[in-house]
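Asker: Please read through the structure below; I'll follow up with questions.
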Amino acid sequence: MYQLYWAQETGALAPQILLEEVGADYQRVIIEAGKEMEADYLAINPRGQIPAMVLPDGSLMTESAAMVLHIADNYPESKLLPEPGSTQRAQVYRWLFYAVANLYETDLRLYYSERFTTSPDCADSIKQQARKDMDKAFELIEQQLGDGPYLLGETYSVVDPYLLMLVYWHESPSELLARHAKLKRLCETVLQRPAVQRIWSQHYPAG
Ligand SMILES: N[C@@H](CCC(=O)N[C@@H](CS)C(=O)NCC(=O)O)C(=O)O
């Protein structure tokens, strides 16, 4: 069984969607707000970040993007990753790494801005820059999306729920999606998948 160290509206969302999608046997271990820096959880993830995931063999992994790749690798029949070495797989790697490096990163600057400066007065300008960088990063994704509905066209892959997760961390997902029609279609299509519908309200009870 997988154990997913979990909290609402965190990086646990994408791996959880994938665990649901492949029908894996998994359990959520809910970390209440503020408890991620307590000794029990730091013993699991010394960075005090969510998610963490214990694999069926008892080993531990962190990093949400690595988790989604690992889940896809372990359930090849679910075809959540194209063939190894294929151009399509290269595109999934490309945009998943892009999302982590450019979008997750701007979320950290936006929501944990005090960590990016030794001067508390600067926190606001760090947030402002993070918003600008996030907008630019989403614009590039929009430009890359083709006829859809997914990043790989008709083929669903691990990168799609990862992008959905990042869109919903935006300060105004509806305003973001109003500007990006292709990203909107991607999100709407991913949201309709049964695996996503089963767990969405755990993260977003208001819908
Ligand atoms: N690179 C990590 C980042 C994880 C991360 O920053 N998680 C956030 C929640 S989305 C967190 O735990 N923040 C609490 C903190 O950093 O104190 C991943 O992708 O899993």
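The values are calculated or read from the model by the stated rules, or taken from the named source; none is laboratory data. Model, not experiment: these values are computed from the prediction. Cβ sites come from the backbone with ideal geometry, for glycine too, and all protein chains shown count toward neighbours. Surface areas here come from the heavy atoms of the whole protein model, side chains and all, with no ligands, DNA or RNA. Shrake-Rupley method; radii C 1.70, N 1.55, O 1.52, S 1.80 Å.
Asker: How many residues are closer than 23 Å to Gly11 by Cβ and small (Gly, Ala, Ser) when one looks only at region 101-126?
Answerer: Qualifying residue count for the region: 3.
Asker: Exactly one condition in (1) more than 15 Å from the ligand (Cβ to nearest atom); (2) of a type in the set (A, V, I, L, M, F, W, C); (3) open to solvent by less than 30 Å² (accessible area, probe 1.4 Å) is not met by Ala90; state its number.
Answerer: Looking at each condition in turn, Ala90 falls short on (3).
Asker: From the list Tyr156, Tyr162, pick out the single residue that is open to solvent by less than 30 Å² (accessible area, probe 1.4 Å), among the hydroxyl-bearing types (Ser, Thr, Tyr) and touching a strand residue (DSSP E or B) at 6+ places or on another chain (Cβ under 7 Å).
Answerer: Tyr156
Asker: Continuing with the same structure: Quick test for you: out of Leu96, Leu108, pick the one residue that is within 16 Å of the ligand (Cβ to nearest atom) and in contact (Cβ under 8 Å) with a residue 60 or more places away in the chain.
Answerer: Working: Leu108 fails: in contact (Cβ under 8 Å) with a residue 60 or more places away in the chain.
When all the criteria are applied, what remains is Leu96.
Conditions tested, residue by residue: (1) at pLDDT 95 or above; (2) under 19 Å from Gln16 (Cα atoms).
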site	(1), (2)
Asn102	yes, no
Ser119	no, no
Ser125	yes, no
Gln128	yes, no
Glu154	yes, no
Met165	yes, yes
His180	yes, no
Lys184	yes, no
Arg198	yes, yes
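Each row is one residue, and each column tells you yes or no for (1) crowded, with 18+ Cβ neighbours inside 10 Å; (2) touching a Gly at 6+ places or on another chain (Cβ under 8 Å); (3) among the aliphatic types (A, V, I, L, M).
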residue	(1), (2), (3)
Ser125	no, no, no
Gln128	no, no, no
Asp135	no, no, no
Leu177	yes, no, yes
Ala206	no, no, yes
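Asker: Also, I was wondering about something else. Suppose we keep only residues that are more than 16 Å from Ile31 (Cβ to Cβ) and crowded, with 17+ Cβ neighbours inside 10 Å within region 64-77. Which one would you say is nearest to the ligand (Cβ to nearest atom)?
Answerer: My answer is Ala65.
Asker: Tally time: how many residues in region 137-171 are charged (D, E, K, R) and within 25 Å of Pro194 (Cβ to Cβ)?
Answerer: Qualifying residue count for the region: 3.
Asker: Still on this model: Pull up region 124-164, narrow it to residues that are among the aliphatic types (A, V, I, L, M) and part of a loop (DSSP other than H, G, I, E, B), then point me to the one that is farthest from Glu175 (Cα to Cα).
Answerer: Val158
Asker: Then there is this: If Arg47 satisfies every condition in (1) touching a strand residue (DSSP E or B) at 6+ places or on another chain (Cβ under 9 Å); (2) away from the ligand (no atom under 13 Å from the Cβ); (3) open to solvent by 60 Å² or more (accessible area, probe 1.4 Å) but one, which is the exception?
Answerer: The number of the failed condition is (2).
Asker: Assess whether Glu21 counts as being away from the ligand (no atom under 14 Å from the Cβ) and not hydroxyl-bearing (Ser, Thr, Tyr).
Answerer: In short, yes.
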